[in-house]
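Asks: Encoded as structure tokens, here's the structure I'll be asking about.
Every number here is computed from the coordinates shown, using simple stated rules; none is lab data. Values in this document were obtained by computation on a predicted structure and should not be read as measured data. Here the Cβ is made from the backbone with ideal geometry for all residues, glycine too, and neighbour counts use every protein chain on show.
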Amino acid sequence: MTVQKFQAVITDKKLDFLEAQNFVADPSFGAIAGFTGIVRNNNEGRAAEAVTYDVHETLAVQALEKICRQALVMAEDKARVYVAHAKGRLEVGEASVIIAVGTPHRKKSFELCQFMIDRLKEQAPIWKHEHY
């Protein structure tokens, strides 16, 4: 049976880090690193009430899947990775993006997690509109 090594999701449902953690868990891994991006109540000194994420869903999923595959290559396929990004309107305090990485050792988990969020910000066609 082939184990699915990555999952890339765009959704209008509430993001769940436990779901991400469960996906990347493996009995042979000693580390799970994660990143959760949260809608904050300010931006550049202005009070923010909410954020809307507009997404070109097909291209965004393709970009996220490419990032996942790159992360797996960096880990020599000894990892499981998960990335989910929200679309639509989110209120302050809600999660907009979740990344989880499971690997045998912590250093690689942290490295891949940072790689994935950095590439997501650069490559995924996702646009943020703050509401003030």
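Asks: Reachable aspartates and glutamates from LYS108, Cα under 16 Å, same-chain residues fewer than 8 places away excluded?
Replies: Answer for LYS108, where 16 Å is the Cα cut-off: ASP26, GLU76, ASP77, ASP118, listed by chain and number.
Asks: Just to confirm a number: summing +1 for Lys and Arg and -1 for Asp and Glu over residues other than SER109 whose beta-carbon lies under 13 angstrom from that of SER109, what do you get?
Replies: Around SER109, the charge tally is +3.
Asks: Ranked highest first by average number of other Cβ atoms within 10 Å, how do 49-55, 112-118, 2-8 line up?
Replies: My ranking of the peptides, most packed first, is 112-118, 49-55, 2-8.
Asks: How big is the Cα convex hull of the range 1-65 in projection, averaged over all directions, in nm²? List each step's numbers first, then the result.
Replies: Working: hull surface 27.3 nm².
Here the figure is 6.8 nm², rounded to one decimal.
Asks: Here's another thing I want to ask about it. In debye, nearest 20, what is the charge dipole magnitude of the chain about its Cα centre with +1 on Lys and Arg Cβ and -1 on Asp and Glu Cβ, if you could check?
Replies: With only Lys, Arg, Asp and Glu charged at Cβ, the dipole is about 320 debye.
Asks: Give me the number: length gained by fully extending ALA50 to VAL73, i.e. 0.36 nm times residue separation minus the C-alpha to C-alpha distance, one decimal in nm. Walk me through the numbers before you get to the answer.
Replies: Details: separation 23, 0.36 × 23 = 8.28 nm, distance 3.64 nm.
Contour length minus the Cα-Cα distance gives 4.6 nm.
Asks: Further, regarding this structure: Kindly give Rg over Rh for the chain, based on alpha-carbon atoms, with the Kirkwood expression for the hydrodynamic radius.
Replies: Result: Rg/Rh = 1.00.
Asks: Return the lysines within reach of LYS107: Cα separation strictly under 27 angstrom, same-chain partners fewer than 8 residues apart disregarded; answer none if there are no such residues.
Replies: Partners found: LYS5, LYS66, LYS78, LYS121.
Asks: How many nm separate the modelled label positions at HIS131 and PHE17, each set 7 Å beyond the Cα in the direction of the Cβ?
Replies: Here the modelled spin labels are 2.5 nm apart.
Asks: OK, next. Near LYS14, which aspartates and glutamates are there with a Cα under 18 Å away, not counting those fewer than 8 places off in the same chain?
Replies: Cross-link targets: GLU49, ASP54, GLU57, GLU91, GLU94.
Asks: Output the peptides 101-109, 25-33 sorted from most to least packed, where packing is the average of other Cβ atoms within 10 Å over each peptide's residues.
Replies: 101-109, 25-33
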